[in-house]
1. Give A:Leu102, A:Leu5, A:Leu78, A:Leu20 a once-over and let me know the one that is touching a Leu at 6+ places or on another chain (Cβ under 7 Å) and either under 18 Å from A:Val235 (Cβ atoms) or among the hydrophobic types (A, V, I, L, M, F, W, C) (or both).
2. Looking at the range A:123-135, which of its residues are more than 7 Å from every other protein chain (Cβ to nearest Cβ) and hydrophobic (A, V, I, L, M, F, W, C)?
3. Could you tell me how many of the residues in the range B:226-276 are among the acidic types (Asp, Glu) and touching a Lys or Arg at 6+ places or on another chain (Cβ under 6 Å)?
4. Kindly check whether there is at least one residue in the range A:211-227 that is more than 30 Å from A:Ala116 (Cβ to Cβ) and at pLDDT below 85.
5. Only one of these conditions is not met by B:Leu114: (1) within 11 Å of chain A (Cβ to nearest Cβ); (2) of a type in the set (A, V, I, L, M); (3) in contact with a helix residue (DSSP H, G or I) (Cβ under 9 Å, 6 or more places away or on another chain); (4) surrounded by fewer than 22 Cβ atoms within 10 Å (Cβ to Cβ). Which number is it?
6. Tally up the residues in the range A:213-225 that are farther than 16 Å from A:Leu66 by Cα and either of a type in the set (Ser, Thr, Tyr) or outside any helix (DSSP H, G or I) (or both), please.
7. May I ask you to say which residue of A:Ile112, A:Ile142, A:Ile58 is farther than 30 Å from B:Phe263 by Cβ and at the interface with chain B (Cβ under 7 Å from one of its Cβ atoms)?
8. Could you tell me how many of the residues in the range A:208-251 are under 18 Å from the mean Cα position of the chain (by Cα) and of a type in the set (D, E, K, R)?
Amino acid sequence: MTRRLPRALVHLVGAIFVCLHLPVAVLVLYSFNASRYAAGWSGVTLEWYRRLLDRPDILRALRLSLEVASLSTILATLLGTLVALGLARGRFRGRSVTEGGLYLPIVTPEIIVGVAMLILFAALRVPLGVGTIVVAHVAFNIPFVAVVVLARLRGMDRSLEEAALVLGADEATAFRRVTLPLLAPGVLAGALLAFTLSLDDFVITFFVSGPGSTTLPVLVYSMVRRGIEPTINAVSAVLVFVTTLTIVAAERLAARRA
Amino acid sequence: MAGARRRLLSWFARRPAAGAWALLGPGLAWLTLFFAVPLAVLFGYSLMHRGTYGGVAPGFTLEHYRRFLDPLYLVVAGRTLWIALATTALCLLLGYPVAYAIARAGRWRNALLLLVVLPFWTSFLVRTYAMIVLLRDSGVINAVLLGLGLTSAPLDLLYTPGAVLAGLVYGYLPFMILPIYASLERLDLALLDAAEALGARAPARFWRVTLPLSLPGVAAGSLLVFIPALGAFLTPDLLGGAKTMMLGNLVQNQFGAARDWPFGAAISFALMGVVFVALLVWLRVRDAGEAA
């Protein structure tokens, strides 16, 4: 395509890109600001990060967030991948309805999912805690994993599997040696999505977490509600670093496999 | 053991439907138990009496849906609707040029796409908090304006409808850009060459070829922005203050301080109703696009 873009359009798009990234960039920058008051700049410091280490509640919340994200990612990836395989390979009545229904949790506003889970747990008298958070995270992650893996399955060349079968592999071997390796990048992408969605989720977790089970986003929220202080910039920056690190690690992993 | 496995596999091989349901079973059971059932319970609660100390009391009533029609709450519903529509319109206005530029960016395409996806991986809470850092009285924008002498006193930027709108547009813009980009990228450029050969100038080529062919992307993007904006809770909570309450905040109030679960459930289902209308509109547009 050789059509040149109008100069005005290039400027407009450039400005939009700046707006899209400026807020978080400023936030990370100010997490190194020595001044207590956000607007003034009075030199670089690591003071706010050092203070995080004196806050057992923040460290505990970070650990809980990572544990919940890991556990819910494993479960959701397993269940979601199976759902995708069933939908892609199965021929049964109600297939398209089932697939359409998979999008319902994705399009339902989070606040409704959150309160619905809250009343279910209340009705069953299940105490809110780590368990209820994991259950909720697995539930909202299954459709995302399934959709990502399904897209990969639909784009796959089935003739490779058929070749394996023709060459004498039984169904199980063909699946293990041909389908699964081809599917792996899709499963990894789904798992990555699930991990970051779980790590970052605030709204649903807010409703299904108990007093003793505060994840990092829930803690950051209550800190913001209590008042703005430089420590929040540092925690937020940590959250940004952790997700960025996850993406980079996954990219590396995917690159090594390919 | 191996024989049993083979027998099991061949049993499934003869019954593909049973095999599919065995794969779907665990995931669907989880979603039924922890998504469908909770929604059904929520709906049931919206039709029951309010309990004395939170929770519900037995009995059927429509009073919670009637109460929602009180002007007090209709104002909140109206505000929610216009903020969600304005967010969608602004995202479309800003997102379309970006998607168009990326689709025509040649070797820069992947780098620019990464720049669009990156905010998506960043916590929504952190990004909303970042808006506070920019917008508050002693925030960065006011500091710059004061420093340049453009204003003598800090402007009230935070806790306004404008702040909520800015926060939502900032939060959901990538959802608009990506589907539009996907449909522009698939566009057959030979059609544009044909239009040019037939004498269409650039504006006509855009309005009569490019734009109509990218409508499925526009529809998908609008849906992906409109629905979360409609159910927004965090953004109005942190950036809006009491005067910019949206339906999401009203729901949270009923399950928090107000302890009126049935009313909160009724508001949730009113919200769900609007979501379904939006979905139906999207399906219409999509099917019309496929038929054309």
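The values are calculated or read from the model by the stated rules, or taken from the named source; none is laboratory data. Everything numeric in this text was worked out from a predicted model, so none of it was measured. As a convention, Cβ positions derive from the backbone with ideal geometry for all residues, glycine included, and neighbour counts pool all protein chains shown.
1. Checking each option against the conditions leaves just A:Leu20.
2. A:Leu124, A:Val126, A:Leu128, A:Val130, A:Ile133, A:Val134
3. Counting residues in the range B:226-276 that are among the acidic types (Asp, Glu) and touching a Lys or Arg at 6+ places or on another chain (Cβ under 6 Å) gives 1.
4. For the range A:211-227, residues more than 30 Å from A:Ala116 (Cβ to Cβ) and at pLDDT below 85: present.
5. Only one criterion is unmet by B:Leu114, namely (3).
6. 2
7. Within the list A:Ile112, A:Ile142, A:Ile58, the selection yields A:Ile142.
8. 1
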